[in-house]
1. Looking only at the stretch B:114-134, which residues are within 16 Å of the chain's Cα centre (by Cα) and surrounded by fewer than 24 Cβ atoms within 10 Å (Cβ to Cβ)?
2. Answer yes or no as to whether A:ASP341 is of a type in the set (Asp, Glu) and at pLDDT 80 or above.
3. Does A:GLU187 fit the bill of being surrounded by fewer than 15 Cβ atoms within 10 Å (Cβ to Cβ) and within 19 Å of A:SER267 (Cβ to Cβ)?
4. Being under 30 Å from A:ASP341 (Cβ atoms) and touching a residue at least 12 places away in the same chain (Cβ under 8 Å) narrows it down to one residue among A:ARG198, A:ARG134, A:ARG181; which is it?
5. Of everything in the stretch B:1-39, what is of a type in the set (Gly, Ala, Ser), closer than 19 Å to B:LEU194 by Cβ and more than 17 Å from the chain's Cα centre (by Cα)? Give them in sequence order.
6. Quick one: in the stretch B:207-229, of everything that is within 14 Å of another protein chain (Cβ to nearest Cβ) and not hydrophobic (A, V, I, L, M, F, W, C), which residue is nearest to B:PRO61 (Cα to Cα)?
7. I want to confirm something. Restricting to the stretch A:98-141 and keeping residues that are within 14 Å of chain B (Cβ to nearest Cβ) and among the β-branched types (Val, Ile, Thr), which single residue is nearest to A:ASP176 (Cα to Cα)?
Amino acid sequence: MHNSKDFKIPIGPQHPALKEPEGFSVALKGEKILGVDIRLGYNHRGIEKAAEERTYIQDIYLIERVCGICSHSHSTCFIQAVEEIAGLAVPRRALYIRTIIGELERIHSHLLWLGVAGHEIGFDTLLMYSWRDREVVMDILASITGNRVNYGMNTIGGVRRDISPEQSQEILIALDILEERTKYYIEVATQESTIIKRLSGVGILSREDVLRLDAVGPTARASGVKRDVRADDPYAAYGELEFKVITDERCDVYGRTVVRVKELMESYKIIRQALKNLPDGPIAIKAPRKIPAGEALSRYEAPRGEDVHYVRANGTEKPDRVKVRAPTLANIQAVKHMLRDRYLADMPIVIAAIDPCFSCTDRLIALKEQESATGKIISWPALHAYSLEWYKKQGIDFTALNKKLSAKGLTG
Amino acid sequence: MLGELFYIFIFPGFVFLINFAWIAEFIDRKIYARLQNRVGPPWFQPVADFIKLLSKEDIVPAASNPKMFKIAPLFALASAITAFFYIPLWKADALFSFNGDVIVVLYLLTLPTLAFFIGGWYSTSLYSRIGSVRSLMQLFAYEVPLFMGILSSALLADTWSLREIAVFYTSHPYVWMFNLLGFAIALVSLLGKLEKVPFDIPEAETEVVAGGFTEYSGRMLAFLRMTLDVEMIVGSALLALVFFPFGLNLHPVIGFLIFIIKILFIISLISLLRTVVARLRMDQMINFCWKYLVPLALLQLLFNLTMKGMFFR
């Protein structure tokens, strides 16, 4: 991307602007960004592989932990695929409850984003306010599901907990509070001049670029692309509910802020409808332990954009293959494009504007020879030997320890 | 002689100034926290922070210039404290005074910024270098409106001496109200000098970690932070004298109380301002200073010149 003579500044893997490890190498000329190199792979957890070695029921809990913020999104997306393969008819009440939890999660994610965005542009007051209000929705989630994050609500064939009439009353009261606060944020975002100055015209991503780079979620919708799985390919109860797909024509970070804040209002509308029309009936049906052979692709509109899960079953109680495409992976290419010819000061907010979730996105470690573009695949024993060599060069000798461990069968 | 030493080292010099700076930092942080719906620190937090930093290890980067790196914080603190001795506080008199000391005080208040630049530059870290260049760039933006705002008040008093300014405004009460626009300009510029939101660009943590202070730790960081606190007091004291020069001929105890109230008022304004705005970008900051602050400061100068021609010949 850029040559070695440029003034390069590392943003990450450890940096106050980033909440997760992620490497950005920024070439600068004064304050101007010449180019950015993005390196993923600091937070790879091997979840896809681990999912193949566990049963479907265990996988729900594993997949839920792909992301802390959109945990319900990932588990629902996974379960939809499994249910499709098994041919299960999920009760309508379960679908509505999934929708309600999904929208509550969107509210908490968007409020969290608003705070993070405020912090990235040095507006900590917004962070403190929006995170305080986020507690309202967190409390509601805790009272319905028992957990503030990783709700453990989904199970194959339905949901695990019901929403009682008292709880639905509780949700409605919380929604009134949140709606009032959101109106205040809309006012702040449209009137506070320093916010407008810092956000508008920053991180431009035109409609054509969205289509070319395949951005998803609020990032795409802020460039006028009406792309929302809830409306395009309705799942859960979305087909029966009224809501608007919010788009904006500004194409910049300010547009993304407006889209997210307005989406909050839509979420309140969706939850109110879903609670009003909540059908009676069971909340789950019994699912077989062994899922018949087959494959399915499932889509879900997570708060950050379209989440895609692919599941292939082989007739046993463990999946043959699970593939996760988190929304950040679709948006990360756009970041590079958005940062072109911007200032260093815009970097944190432009990255934050896609609402990145790097640990969900990380999927493999690619070792590269320095200063060359060719990759190299190293087998496990070779990597092991390489690490021993590397430490020996640093003056630390692990050979003796390694022999001891391998005598006990503790190393590969 | 003894009296002067007492003034310099005990009251209202070094010891008082530093204690007052801690109190001011606490008040600033507490107001900021309360406005953000947080609890905020306990009253002894700034002192505790200082003691903690003193007990920490001093790390000097291997690639840095150790002499410059170590001397910059002390240099900054010393010049900020020195500036304090030229400012009349609660009577129309200061420890040192001569015609032209307004300029000297402003100059002494510029030195800490230069020291931050030198410290940041010689620590050779990438973030420090960007941060220190930013603080210099920012200096060129806010310094001009700050000077113009303060000098417009001096212009009305027809003197370059802070003591004479105090004497003039004491003998012409209510004339200070002419300078309120100048006060607003100087207050906003002071935010730039103190590197507070919206002008905390040199130490914007989401961009350049801690800017010029990134590599500092332990005692030297403690002194750098104290410099910023002392600068806040000295800057506020200067603004209080130049723009609110009343209560200077009263009984010293009452005068002292009025002085404290004036400083706390200015500090609360600073906290309020940094609560309600976001950080600007460097280009926006420079634009803002030259496009809005400087013309407004010129307006104040013009107004004061007219006033002077009409009434204070």
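1. The initial filter retains those residues of the stretch B:114-134 that are within 16 Å of the chain's Cα centre (by Cα), namely B:114-116.
Matches in the stretch B:114-134: B:LEU114 only.
2. On the way: of a type in the set (Asp, Glu): yes; at pLDDT 80 or above: yes.
It is true that A:ASP341 is of a type in the set (Asp, Glu) and at pLDDT 80 or above.
3. Values: surrounded by fewer than 15 Cβ atoms within 10 Å (Cβ to Cβ): yes; within 19 Å of A:SER267 (Cβ to Cβ): yes.
Yes.
4. Values: A:ARG134 fails: under 30 Å from A:ASP341 (Cβ atoms); A:ARG181 fails: under 30 Å from A:ASP341 (Cβ atoms).
Selected residue: A:ARG198, the only one of A:ARG198, A:ARG134, A:ARG181 that is under 30 Å from A:ASP341 (Cβ atoms) and touching a residue at least 12 places away in the same chain (Cβ under 8 Å).
5. Quick first cut of the stretch B:1-39, residues of a type in the set (Gly, Ala, Ser) only: B:3, B:13, B:21, B:24, B:33.
Going one step further and asking which of them are closer than 19 Å to B:LEU194 by Cβ, we end up with B:21, B:24, B:33.
Correct list: B:ALA33 only.
6. Taking the stretch B:207-229 and keeping what is within 14 Å of another protein chain (Cβ to nearest Cβ), we get B:207-211, B:213-214.
Imposing the further condition that a residue be not hydrophobic (A, V, I, L, M, F, W, C) reduces the set to B:207, B:211, B:214.
Values: B:GLU207: 21, B:GLY211: 15, B:THR214: 11 Å.
In this case the residue turns out to be B:THR214.
7. Within the stretch A:98-141, the first condition is being within 14 Å of chain B (Cβ to nearest Cβ), and the residues that meet it are A:114-136.
Checking which are among the β-branched types (Val, Ile, Thr) leaves us with A:116, A:121, A:125, A:136.
Values: A:VAL116: 24, A:ILE121: 29, A:THR125: 22, A:VAL136: 11 Å.
Looking at residues that are within 14 Å of chain B (Cβ to nearest Cβ) and among the β-branched types (Val, Ile, Thr), I get A:VAL136.
Rundown of residues vs (1) in the same structural domain as A:MET153 (by TED's automatic domain parsing); (2) over 17 Å from the mean Cα position of the chain (by Cα), yes/no style:
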position: A:GLY30; (1), (2): no, yes
position: A:VAL36; (1), (2): no, yes
position: A:GLU53; (1), (2): yes, yes
position: A:SER73; (1), (2): yes, no
position: A:GLU84; (1), (2): yes, yes
position: A:ARG98; (1), (2): yes, yes
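The values are calculated or read from the model by the stated rules, or taken from the named source; none is laboratory data. Because the structure is a prediction, the values reported are computed rather than measured. Reconstructed Cβ throughout: ideal geometry from the backbone, glycine too, with neighbour counts over all protein chains shown.
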